Structures are given as C-alpha cells and as structure tokens.
Amino acid sequence: MNVDVLLGLQWGDEGKGKVVDYLAEQYDVVARFQGGPNAGHTLILNNGVKFVLHTIPSGIFLENCLNLVGNGVVIDPITFRMEINKLAAAGVSVSNRLVISRKAHLILPTHKMLDAASEAAKGADKIGSTLKGIGPAYMDKTGRNGLRVGDIESPAFLEKYTKLKEKHFQLLKNYGDVPTEVPMEQEWMEAIDFLKQIPFVDAEYLINDQILANKRILAEGAQGSMLDVDHGTYPFVTSSNTITAGVCTGLGVAPQKIKEVIGISKAYCTRVGAGPFPTELFDATGDELRKIGNEFGATTGRPRRCGWIDLPALKYTIMLNGVTQIAITKIDVLNTFAEIKACVAYNINGVVTDRLPYDIVDAVIEPIYKSFKGWECDLDNYKTKADLPIELLNYLEFLAQELGTKISMLSAGPERDKLIIM
C-alpha cells in the first residue's frame, strides 16, 4: 500500500484538521512528518467540543488508528505532555495509539530563549515567529548539535542536555543576555520523564513495514506550502519542508510510495505574521472576512491578515506538491458576499504573469482579479454537489479549470457534517 498526503496549499490555517479528521477513518496510520507545536489543527468532536492539536496527529481520536510523530517533527515535551493530559481529560487514551520517532528532535527551554532574543534583535524586520523555539531547534538539527528523542534512552542524556544548554548560553550572550537559570527547566525534565511512557520507535522501519503490510497511511502536514523553508516566501517562512517532499525526509519513505496528494485551500486567503501577501485586503471587505471567518490563530490567537484567493500562488504550490485533489474549506464565509473575487495573475512593473517572482518579498505586485456573482445564501442545508447554488458551482468549476486539479471536498462549516463530498 502507498502513502497518501494531506497538506496546506497556502500560508497555513487552511482547515487541515477538519479534513484529516474526516479522512482518518479510512486509514490505519496517521503520521505527522514536519513542524512542531506551532501547528494548530482544530477539530470539532462528535459531542460538539472543539479540540486543538499541536503536535499529535489528528487520527488520535480513532481507537484503531496508529499515530506516528515522525523524525521531521520537533517536540516540546511540556507542550506534548499538556496535549496528552487534555486528551485524557476528554476521555481519549493515547495508549496503543501513539508512537514517537527516536529521530525526532527535542525543543529545549533555551531554544525558546534564543527564539525570543533573535526575534527581538530583528526589530522591525521580525519574521513573526511563534516564539516556541522551533526555528532554533531546527538550526541545531542542521548544525548537528540537536538533542533527539532517542537520546532520552541514553545514560548520557543529562550530559548531552547540559552541553547543548551551555552552547545556548554562549549564543544568548551575543544578544546581550547573560542567563543564570533556565525558566521551566524543572518542568521540562519532568515532561521528559513523562514522555518515556510513549513508545519510541525506529519510525522509518515502522512506516515501511506498514507499507509492506498493505496498511493505509496518511501523512499529515503542518503550516502551509507557502511557508516551506526552500520554496516559500523566504525569509518569512517556517523552518521545515512543508511540501510533499518533506514526507520522504520526515518519515523515511521513498518518493514512489506516495500516491494521492490532497491539498487544502481556503476559499479566500489568510496569513499570520509578517511577509508578502499579494491579495491582502486593508478595507472593510478584509475586516468582514476576518470577522465572519473568525480568523484568529489557533496556536497564537493573533488576528490573521485576510484577502481574496490567490490562484498564481495556488498553481505554484499545486505544482510543487503534485496535488491530485483539492479540498476547499470555509466556503461558507463567502455566503453573504454579493461579489467574490479571485486573483488570476500579477502585474509586476507592467508585466503580467501568473508565476511567483523570486523577489516576491520586495516586488511591488498588483493583483489582477476576476469577479464572480455571489450565491448570497446559507449553505447549511446543502449536502451534495447537485444541491449547490449555480453561482457557487460556476465559481468552483472556474477554480478547478484554472488550477487543473479536481475539487474533491467542500467544507461549509467547522462541523463534520458540513463537509460536502464533490
């Protein structure tokens, strides 16, 4: 059996949690392949309770689903313990459902200190970090200094931790800090002991054994493709590969094992933090999108920047990911708009193009829009594609043709029964 992939096609916050929650029932394994606790996958449970997952895969609510935190993920033990405790309080046991790759890297308390110091030093040029230590943890990983989950099993764990902490103290001095103690260090150590109750696995063998056993596997991405460290709007990006290629390195599977790639896109665009956003709206329409869509970060609570859907950017991420089908989320946010717009091209210094420029951070981009008549009705009672209003069907048909990819799902609300299979 092959590996299917579900990931975001924009700047994150596309509604991946709800879609993976729906799809997870079809899979034996759900695996996170990158990112860390900067992710916020929101799910609405059967009892109507909202639950936000940060590191644990979204298949954790299914009794017979194995959830793997892959080697490409960075783990904050304190956040991880809190997440498990919240699951337990909701009556969800992780026993026999959750395993962690020994090669996943750990976020230390001093990583958070470095994150805050680095962001403060940037001043007006800050990138909008969530300050959760994720960037510094990935820097230690690529710098070959990192502390991994498997190191917890080593008799020399404390020695390795102390060595890395002292290195971080030296780096903090470069920012003018002279730390003498580490906030939450004792709590972090207690969380490390807590982690030991979760099985640590050689995940690359586990995942490939599952493939050989014809198990159905879903790889779950975090953040969005436009935040990919290589192909996103650098330097306003995350610290990992958020695209399909990250599945191979973040789980240890060969490229030919990947089959379906399900890309998630909102019916409009949002972004949290700094960085380019060609279709951002600074008017009443942008405010209305934010208000109706409740556009505030699930992890940070920060208000999201809002704008119309950006088709050049979507074409780009569909190409990078090899997307085979698209799920459009939050279509209901557009229910009250008499006119809906989609950016179909950019005007950059008089040149019209549907390709992203290398210097997208500094380029002056004028979006070129195509307008559509809105459907101006509630979608609560629409359950199938055939039921949908003609204005919405025309809009979706245009998107599918323009993007060259079928739209397989349409989300018209946060609840599970608001997902329309196309």
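The values are calculated or read from the model by the stated rules, or taken from the named source; none is laboratory data. Worth saying up front: this structure is predicted, and the values here are computed from it rather than measured. Because the Cβ atoms are built from the backbone with ideal geometry, glycine has one as well, and the counts that use them run over all protein chains shown.
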Exactly one of (1) free of Cβ contacts under 8 Å to residues at least 24 places away in the same chain; (2) closer than 30 Å to GLY123 by Cβ is unmet by ASP310. Its number? (1)
For the stretch 395-407, how many residues meet the condition of being surrounded by 16 or more Cβ atoms within 10 Å (Cβ to Cβ) and over 19 Å from LYS341 (Cα atoms)? 1
Scan ILE134, ILE207, ILE198 and give me the residue that is under 30 Å from LYS257 (Cα atoms), in contact with a helix residue (DSSP H, G or I) (Cβ under 6 Å, 6 or more places away or on another chain), β-branched (Val, Ile, Thr) and surrounded by 12 or more Cβ atoms within 10 Å (Cβ to Cβ). ILE207
Go through the stretch 275-288 and report how many residues are without any contact (Cβ under 8 Å) to a residue 40 or more places away in the chain and part of a loop (DSSP other than H, G, I, E, B). 3
Restricting the stretch 356-377 to residues that are touching a strand residue (DSSP E or B) at 6+ places or on another chain (Cβ under 6 Å) and hydrophobic (A, V, I, L, M, F, W, C), the residue that is surrounded by the most Cβ atoms within 10 Å (Cβ to Cβ): ILE365
For the stretch 378-394, how many residues are closer than 12 Å to ASN335 by Cβ, surrounded by 14 or more Cβ atoms within 10 Å (Cβ to Cβ) and within 28 Å of the chain's Cα centre (by Cα)? 2
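For (1) among the aromatic types (Phe, Trp, Tyr); (2) at positive phi; (3) in contact with a Pro (Cβ under 6 Å, 6 or more places away or on another chain), each residue gets a yes or a no:
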position	(1), (2), (3)
GLY350	no, yes, no
ILE368	no, no, no
ASP380	no, no, no
PHE398	yes, no, no
GLU415	no, no, no
Of residues in the stretch 58-90 being touching a helix residue (DSSP H, G or I) at 6+ places or on another chain (Cβ under 6 Å) and assigned to a helix (DSSP H, G or I), the one farthest from ILE211 (Cα to Cα): ILE78
Got at least one residue in the stretch 127-136 being closer than 25 Å to VAL69 by Cβ, modelled with pLDDT of 95 or more and among the small types (Gly, Ala, Ser)? no
Looking at VAL344, is it exposed (fewer than 13 other Cβ atoms within 10 Å of the Cβ) and either over 19 Å from CYS269 (Cα atoms) or not polar (S, T, N, Q) (or both)? no
Give me the pairs: first residue in the stretch 115-131 and more than 14 Å from ASN38 (Cβ to Cβ) and assigned to a loop (DSSP other than H, G, I, E, B), second residue modelled with pLDDT of 75 or more and of a type in the set (D, E, K, R), beta-carbon distance under 9 Å, and six or more apart or on different chains, which are they? LYS126/GLU119
Residue in the stretch 57-81 that is nearest to ARG97 (Cα to Cα), counting only those that are aliphatic (A, V, I, L, M) and out of contact with any His (no Cβ under 9 Å at 6 or more places or on another chain): LEU66
Output for the stretch 300-356, where each listed residue is of a type in the set (D, E, K, R), under 23 Å from the mean Cα position of the chain (by Cα) and in a strand (DSSP E or B): ARG305, ASP310
With the structure loaded, tell me whether THR110 is touching a helix residue (DSSP H, G or I) at 6+ places or on another chain (Cβ under 6 Å), over 22 Å from GLY322 (Cβ atoms), of a type in the set (Ser, Thr, Tyr) and assigned to a strand (DSSP E or B) or whether it fails that test. no
Can you tell me how many residues in the stretch 88-112 are buried (at least 17 other Cβ atoms within 10 Å of the Cβ) and at pLDDT below 90? 1
Counting only residues that are small (Gly, Ala, Ser) and not in a loop (DSSP other than H, G, I, E, B), how many does the stretch 394-422 have? 3
Which numbered condition in (1) among the basic types (Lys, Arg); (2) at pLDDT 95 or above; (3) outside any loop (DSSP other than H, G, I, E, B) is the only one that LYS173 fails? (2)
Suppose the filter is touching a residue at least 24 places away in the same chain (Cβ under 8 Å) and of a type in the set (S, T, N, Q); does THR162 pass it? no
Among the residues in the stretch 354-368, are any closer than 19 Å to LEU396 by Cα, in contact with a Gly (Cβ under 7 Å, 6 or more places away or on another chain) and without any contact (Cβ under 8 Å) to a residue 60 or more places away in the chain? no
Failed criterion for GLU166 (all others in (1) in a helix (DSSP H, G or I); (2) under 18 Å from PRO77 (Cβ atoms); (3) out of contact with any helix residue (DSSP H, G or I) (no Cβ under 8 Å at 6 or more places or on another chain) hold): (2)
